Amino acid sequence: MNRFLVATGALFLAMSGAAHAASAVNLDSEPRTLIVTEGGSKTELALAAGETVEFCSNGCFVTMPNGDREALTGAETVEISGGVARIK
């Protein structure tokens with residue numbers, strides 16, 4: 001019985017972690033780049049025109065195309081339109 005509860009709990013945690021990721025949507029007709037800092041590591045997140053990606057499952061900082069920097073918890077959507085990013 002204990003093994004079942006542990007396995008069920010682990011499965012629940014794994015599924016809930018995957019469900020809570022921020023997403024970025026590029027509504028522009030040209031590529032845009034976000035700089036994502038997560039766990040002390042910086043990466044460039046390139047988004048093609050019309051592309052949507054998920055990232056930042058455990059919270060992160062994002063530098064927007066205009067240079068603004070925002071903290072995300074992992075539940076937000078970043079919409080890029082006209083070269084400007086907005087958090088929803």
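The values are calculated or read from the model by the stated rules, or taken from the named source; none is laboratory data. Note that this is a predicted model, so its numbers are computed, not measured. Neighbour counts are summed over all protein chains in view; Cβ atoms, including those assigned to glycine, are modelled from backbone coordinates with ideal geometry. Each accessible area value is taken on the protein alone, full model and side chains, heavy atoms only, with ligands, DNA and RNA left out. Shrake-Rupley method; radii C 1.70, N 1.55, O 1.52, S 1.80 Å.
The table that follows gives values for the structure above.
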quantity: Restricting the range 21-41 to residues that are of a type outside the set (A, V, I, L, M) and in contact (Cβ under 8 Å) with a residue 24 or more places away in the chain, the residue that is least open to solvent (accessible area, probe 1.4 Å); calculated: 26
quantity: Every residue from the range 42-57 that is surrounded by 13 or more Cβ atoms within 10 Å (Cβ to Cβ) and part of a loop (DSSP other than H, G, I, E, B); calculated: 51, 56, 57
